[in-house]
Amino acid sequence: MKACSLILAALLVSTPALAQPDPSVVVAAERAFAADGLAHGIKRSFLAHSAPDAILFAPDPIKAHDLYGPRPDKPHPPLVWWPLWAGIARSGDLGFTTGPSTFDGKENGWYFTVWARQEGGGWKWIYDGGSPSAHGAAPPQGSAPTYLTPATGPQASAAAAMSAVQAAETTLAKAAASNSAGAYLAILAPDARVTGSPAVPATTPAAVKTELAARPAAIAFSPLGGRASSGGDLVWTYGDARWTDGRKDRRGHYVRMWQSRADGWRLVFDQILPVAEPAS
């Protein structure tokens, strides 16, 4: 019995931990998507690289294939984008990238794409969108991206992760109804990124506070959907956002990325995308 215990202990000590997947796989998927956009145009590249259930906002959530499928395939000015920050789940089946984009050579904000590994092993995006954020001193196309810190929280099922994040979003929504900045500061990771305004994406705690201060003081959030990684450490969510601007009722959508960390679930990316008001 003692000998068996010693052998088991030795095996446990010598068994290596599961390797953290390399986020470069989602970076490669994004770069292939961008290259096809230049070679084949927006319609064909967006359809080829998106999952059947992929969504975007136009201005409300719609399946990409329902939006682009009926559209004519016609020439357009070059749309160029490149990834500068990326992350991937420990289970290697959910990831994201973000970076600047240009249209016809002019700044076109920052995109954010959520990627999911398919049954065949390839990657398709399940959400694509962006904010009007300025490029600032963004590194040029071809620069090496930086990566999200790997998750440090315990492993869990996708269902358990989604349930935990839904609870966190309920708490966030309740607090944001009267103090949106305070609600975010209570749940954001120290290295979180926050976007949505025309300012350069906030990547430092000081910049995040400035970005949050530019948002409405009170925001009403309601969830619409999302997905958790199979390893339960990364969760993407999106939903409705409503607020009052002066005497006008405004609305938009939020997009978030949550990560399981040693101190609980933390928000590592957040953007609010207002719906443009109709021209009067």
What do you get for the angle between helix 2-14 and the principal long axis of the chain? Use alpha-carbon atoms, 0 to 90 degrees, nearest ten. 30 degrees
Sorted largest first, extent of segment 24-147 alpha carbons per principal axis (Å): 37, 37, 27
Let me check I have the definition right: for segment 203-247, take the eigenvalues of the Cα gyration tensor, multiply each by 5, take square roots. What are those semi-axes in whole Å, largest first? 26, 18, 5
ASN179/LYS74 FRET efficiency (R0 51 Å; Cβ-Cβ; nearest 0.05): 0.60
Just how many pairs of Lys in the chain have C-alpha atoms closer than 25 Å, counting pairs that are eight or more places apart or on different chains? 11
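Tell me, what is the percent relative contact order of the chain, built from C-alpha pairs under 8 Å that lie six or more residues apart?
Details: 559 pairs, mean separation 40.7, N = 280.
Computed over the chain, the figure is 15 percent.
Of all DSSP beta bridges located in segment 36-178, what percent are antiparallel, nearest 5? Kindly include the intermediate steps, with their values, before the conclusion.
Details: 27 of 31 bridges.
Approximately 85 percent, going by the DSSP bridge assignments.
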If you find the alpha carbon centre of segment 72-145 and of segment 35-52, how far apart are they in angstrom? 12 Å
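Can you pull the semi-axes for the chain, root of five times each eigenvalue of the Cα gyration tensor, sorted largest first, whole Å? Could you put the intermediate results ahead of the total?
On the way: eigenvalues 216, 127, 61 Å².
Ellipsoid semi-axes (Å, largest first): 33, 25, 17.
All of the numbers you see were taken from the coordinates with simple rules; none came from a lab. Note that the structure is predicted; figures quoted are calculated from it, not measured. Note that we place each Cβ from the backbone using ideal geometry, even for glycine, and neighbour counts take in every protein chain shown.
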